[in-house]
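Notes follow once the structure below has been shown.
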Amino acid sequence: MKHFTKLAIAAAVAGVTAGAAMAQELYTPNLAYRTGPFAATGIPLMNGQADYLNMLNARDGGIGGIMINAEECETGYSTEKGVECYEKTKGKAIVTQPWSTGITLQVLPKTNVDEIPILAPGYGFSPMMEGTTFQWAFNAPSGYWDGADMIVQYLESQGDLSGKTIAFLHLDHPYGKEPIPVFEKMAGDKGFTFEPIPVGLKEMQNQSAQWLQIRRMRPDYVVMWGWGAMNAGAITEAVKTKFPMENMIGVWWSGHDADLAIVGDKGKGYKSISWSFPNMDAPVMADIKKHVVDAGKSQSNDTEMQGVFYGRGIVISAVLAEGIAAAQAEYGTAEITAAQLRWGLENINMTEERINELGLTGMVAPFSTSCSNHTGHSGGWMLEWDGAKFVKVSDHLTPNVASYQELANTKAAEYAEANAPWPTNENCGG
Amino acid sequence: MLYRTAGQFKTSYEADQALFPIKQDAFLLGVILLLAVVVFPLTASEFTFQTLLIPILIYSLAALGLNILTGFAGQLSLGTAAFMGVGAYACYKMITLMPWMNPIVAILLSGVFSAGIGVAFGIPSLRIKGFYLAIATLAAQFFLVWLFEKWAWLYNYNASGAIQVPNLEMFGVYVSGPQASSIVQYYVVLFIVGLLTWVCINLTRGNLGRTWKATRDMDIAAELIGINLMKSKLTAFAVSSYIVGVAGALFVFMWRGAAEPNLFDIPLSFRILFIAIIGGLGSVMGNYLGAILIVGLPVVLNLLPNALGIPIGSATVEHLNIMIVGSLIVFFLIVEPHGLAQLWRLIREKLIIWPFPH
């Protein structure tokens with residue numbers, strides 16, 4: 001009996017110390033998709049994200065002296081697997097990164113109950129920018145409506161838009177439909193014709209019908225909200241129908257180097273709005289090379305690391321790291337909780353100096369979040385394919401948020417009403 | 001030994017025709033029910049509820065619906081997912097138009113809509129058979145998913161084109177939506193699945209079930225002995241689509257919480273068809289076994305490396321998982337082409353005569 005008690009005590013002690021050892025890290029799971037139909041775009045993003053956090057762990061010993069455990073949970077972009085991953089990780093996770101609009105839609109309503117921040121940089125439901133309603137959701141540094149506004153701004157800088165036609169080639173999916181309300185509003189204000197052309201999920205690789213329609217319509221510009229195989233399909237089809245490439249503009253998820261490498265020189269002039277830029281001269285790239293790549297801890301390769309998506313992965317992890325750092329500074333503890341990280345993500349202040357200090361020079365534009373503004377609206381740059389890589393062709397563009405703030409408030413209120421009871425953050429000053 | 005039937009005498013026709021003529025079967029069912037009703041809910045974590053218990057039950061129900069049509073009545077269908085979609089959208093519209101409606105009533109009623117659509121798409125089955133009918137149901141699959149995308153009224157003109165389940169209360173407890181607790185949802189699912197399984201067992205053993213089986217085995221012979229083929233086939237379509245529709249409503253309201261049209265696309269139809277085939281066509285229990293294999297096993301396999309402390313990346317686990325589950329499917333189909341239910345039947349027969357096989 002005595003022996004048994006001793007054993008039990010030993011086991012209990014081991015359990016407690018193991019628990020303590022477990023807590024010596026911040027668990028920031030990533031619902032990655034390195035398999036499945038969208039793996040080609042997922043891999044560089046995930047590699048960028050993982051490499052940045054690995055670099056922080058190796059160089060600084062984590063953030064604020066605590067290691068980051070950015071374990072990946074594979075979803076294959078499937079909503080079902082995503083929910084499985086969310087349930088599996090939510091116990092000790094301080095953040096969830098759902099990575100697909102489908103998974104975001106599933107997870108978003110649960111956040112008020114589970115109280116875990118969702119970080120969906122540059123994707124997800126655009127009205128998430130309204131932080132009073134969506135207390136736990138963040139899509140910093142830019143949302144789709146910002147992207148739509150910046151594209152129209154850029155087109156305006158190329159000449160008056162009134163009387164012109166913009167064809168909107170989009171994936172027929174919640175993601176592709178996301179910017180339509182803002183485009184329609186701007187079409188009314190600025191007097192251009194806006195023609196949505198949906199591409200079904202099954203037609204992604206074969207868009208001959210859509211491009212026939214575009215050829216008949218003769219739009220001045222084609223704006224594309226595509227993803228995965230749809231991008232390559234549209235770009236090759238545009239080359240085939242000899243659509244002037246310089247009049248084709250994609251959202252940030254339609255600016256994947258590999259999609260354009262297929263057409264090479266013929267894709268010259270294709271543009272993509274982006275809130276991130278792969279600046280190979282940024283100090284952070286050297287650090288990643290030194291601490292992660294040379295140590296053999298990276299799954300990436302040279303070509304991939306020069307791409308837009310890898311750089312974007314780095315920026316996404318940097319946003320998360322900034323949120324963690326802000327929370328640690330505020331609460332005076334390294335081991336922050338999910339609720340504290342929420343405060344941190346609401347108080348990110350990425351100034352130009354801070355960006356340089358982090359070594360991210362030129363990779364992301366300055367932005368700051370607040371309790372009512374969960375997007376930050378960093379704005380971005382227009383990138384252009386020069387036949388071999390993407391280059392910046394515009395100055396820093398800032399979205400005109402005021403023009404759709406009201407729309408965001410209405411949509412957020414509608415969402416809250418449909419999901420009643422939906423607690424909103426009443427003590428949100430501004 | 002365990003299954004010794006010696007001493008169990010039947011003294012009436014009722015006893016001989018009983019659902020469980022052997023006591024041990026009834027006992028086994030009792031144990032399973034005890035597990036499902038008491039033990040699992042008390043011990044399960046949120047993760048187990050959301051990734052194992054609830055989905056396995058819902059997929060079993062959908063496969064059961066398909067099995068009525070394909071396994072019992074012999075009409076091959078590839079449109080299961082679309083009929084699930086009809087149930088889900090019908091339930092969503094009822095709930096949003098009539099918020100006072102009891103959620104369980106709404107879920108049970110939503111099957112009526114898919115039964116109607118199912119009968120409409122079942123009419124060609126009177127003229128065409130086999131693979132040709134499969135193509136006709138495939139048309140239903142494509143048409144209905146297209147309709148879910150294009151008919152904005154179905155999703156209340158939501159900008160994203162997806163449906164989102166609201167918080168629904170019943171007797172002061174949330175049963176669906178984000179506020180609902182998993183255990184409540186589990187019991188609702190268990191109740192509905194249990195109820196429909198009970199109905200199905202009785203239907204397939206009764207007059208209607210015998211009519212379906214006769215139609216399946218040889219429709220000309222069935223017609224000659226006086227079975228009305230039209231009635232037989234259309235009731236099969238109606239009952240099957242009803243169950244599939246209820247499964248669809250449960251799928252979205254009790255488990256997923258949100259759905260976009262392409263969720264109800266053909267991969268889901270195939271998944272349910274696999275469950276029905278691997279479980280065993282023409283069996284009720286097989287659907288549960290099939291769902292455990294196809295839905296439950298990958299989840300458990302995903303957890304294994306972590307539980308055993310093997311450090312491999314989650315993407316690798318996923319690749320391995322697909323390979324293991326795929327080869328298991330091939331293995332089971334080679335060992336027993338009639339499905340897991342038949343495998344269990346053989347094991348049980350061997351157990352009954354054990355240890356003295358003739």
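The values are calculated or read from the model by the stated rules, or taken from the named source; none is laboratory data. Everything numeric here is computed off the predicted structure, so don't read it as measured data. Backbone-built Cβ (ideal geometry, glycine too); neighbour counts: all protein chains shown.
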Q. How about the stretch A:48-61: which of its residues are more than 11 Å from chain B (Cβ to nearest Cβ) and touching a residue at least 40 places away in the same chain (Cβ under 8 Å)?
A. A:48, A:49, A:51, A:52, A:53, A:54, A:55, A:56, A:58, A:59
Q) Which condition number in (1) part of a helix (DSSP H, G or I); (2) in contact with a Gly (Cβ under 9 Å, 6 or more places away or on another chain) is the one that residue B:338 fails? A) (1)
**Q.** Selection from the stretch A:93-129 of residues that are crowded, with 21+ Cβ neighbours inside 10 Å, within 12 Å of another protein chain (Cβ to nearest Cβ) and either charged (D, E, K, R) or in contact with a Pro (Cβ under 7 Å, 6 or more places away or on another chain) (or both)
**A.** A:101, A:104, A:105, A:107, A:109, A:110
Q. Just wondering, is there one or more residues in the stretch B:205-215 that are touching a residue at least 24 places away in the same chain (Cβ under 8 Å) and within 30 Å of residue B:35 (Cα to Cα)?
A. yes
Q. So, of the residues in the stretch A:69-92 that are of a type in the set (S, T, N, Q) and more than 8 Å from every other protein chain (Cβ to nearest Cβ), which turns out to be nearest to residue A:49 (Cα to Cα)?
A. A:69
Q.
Checking residue B:45 against (1) more than 14 Å from chain A (Cβ to nearest Cβ); (2) over 23 Å from the mean Cα position of the chain (by Cα): exactly one of these is not met. Which one?
A. (1)
Q. Going through the stretch B:1-31 one residue at a time, which ones are surrounded by 12 or more Cβ atoms within 10 Å (Cβ to Cβ) and within 30 Å of residue B:180 (Cα to Cα)?
A. B:29
(Q) Considering only residues that are in contact (Cβ under 8 Å) with a residue 12 or more places away in the chain and within 18 Å of residue A:109 (Cα to Cα), which ones fall in the stretch A:404-425? (A) A:408, A:409, A:411, A:412, A:413, A:415, A:416, A:419, A:422, A:423, A:424, A:425
(Q) Quick test for you: out of B:85, B:79, B:74, pick the one residue that is away from chain A (no Cβ under 14 Å) and at positive phi. (A) B:74
Q | Test set (1) more than 30 Å from residue B:92 (Cα to Cα); (2) out of contact with any Pro (no Cβ under 6 Å at 6 or more places or on another chain); (3) not acidic (Asp, Glu) - residue B:266 fails condition number | A | (1)
Q. Exactly one of (1) within 15 Å of the chain's Cα centre (by Cα); (2) small (Gly, Ala, Ser); (3) closer than 30 Å to residue A:169 by Cβ is unmet by residue A:318. Its number?
A. (3)
Q: State all residues of the stretch B:168-188 that are within 14 Å of chain A (Cβ to nearest Cβ), under 17 Å from residue B:258 (Cα atoms) and part of a strand (DSSP E or B); if no residue qualifies, say none.
A: B:168, B:174, B:176
Q: Considering only residues that are over 24 Å from the mean Cα position of the chain (by Cα), part of a helix (DSSP H, G or I) and within 22 Å of residue A:245 (Cα to Cα), look in the stretch A:172-210 and name the one that is nearest to the other protein chains (Cβ to nearest Cβ).
A: A:203
(Q) Condition first: buried (at least 21 other Cβ atoms within 10 Å of the Cβ) and β-branched (Val, Ile, Thr). Now tell me which residues in the stretch B:279-298 satisfy that. (A) B:284, B:294, B:295
**Q.** Elements of type helices (runs of 4 or more DSSP H) contained in the stretch B:1-119, each with 2 or more residues being at pLDDT below 90, out of contact with any His (no Cβ under 7 Å at 6 or more places or on another chain) and not polar (S, T, N, Q)
**A.** B:13-16, B:23-34, B:40-43
Q) What are the residue pairs meeting all of these: first residue in the stretch A:186-203, first residue closer than 11 Å to residue A:152 by Cα, second residue β-branched (Val, Ile, Thr) and modelled with pLDDT under 90, Cβ atoms under 6 Å, and 6 or more apart or on different chains? A) none
Q: Could you list all residues from the stretch B:147-163 that are closer than 22 Å to residue B:240 by Cβ and among the aromatic types (Phe, Trp, Tyr)?
A: B:148
Q | Those helices (runs of 4 or more DSSP H) lying entirely in the stretch A:57-171 with at least 3 residues more than 21 Å from residue A:407 (Cβ to Cβ) | A | A:79-89, A:101-107, A:111-114
(Q) Restricting to the stretch B:276-325, count the residues that are within 14 Å of another protein chain (Cβ to nearest Cβ) and in a helix (DSSP H, G or I). (A) 26
Q. Can you tell me which residues in the stretch B:140-165 are out of contact with any helix residue (DSSP H, G or I) (no Cβ under 7 Å at 6 or more places or on another chain) and either part of a helix (DSSP H, G or I) or facing another protein chain (nearest Cβ under 9 Å) (or both)?
A. B:142, B:143, B:146, B:147, B:150, B:152, B:153, B:155, B:158
Q) For residues in the stretch A:374-430 being of a type in the set (Val, Ile, Thr) and under 23 Å from residue A:119 (Cβ atoms), which is modelled with the lowest pLDDT? A) A:424
**Q.** Count - residues of the stretch B:99-133 that are under 18 Å from the mean Cα position of the chain (by Cα) and without any contact (Cβ under 8 Å) to a residue 40 or more places away in the chain
**A.** 1
Q: Kindly indicate whether residue B:220 is β-branched (Val, Ile, Thr) and out of contact with any helix residue (DSSP H, G or I) (no Cβ under 7 Å at 6 or more places or on another chain).
A: yes
Q: Being small (Gly, Ala, Ser), assigned by TED's automatic domain parsing to the domain that holds residue A:99 and part of a loop (DSSP other than H, G, I, E, B) narrows it down to one of A:317, A:298, so name that one.
A: A:298
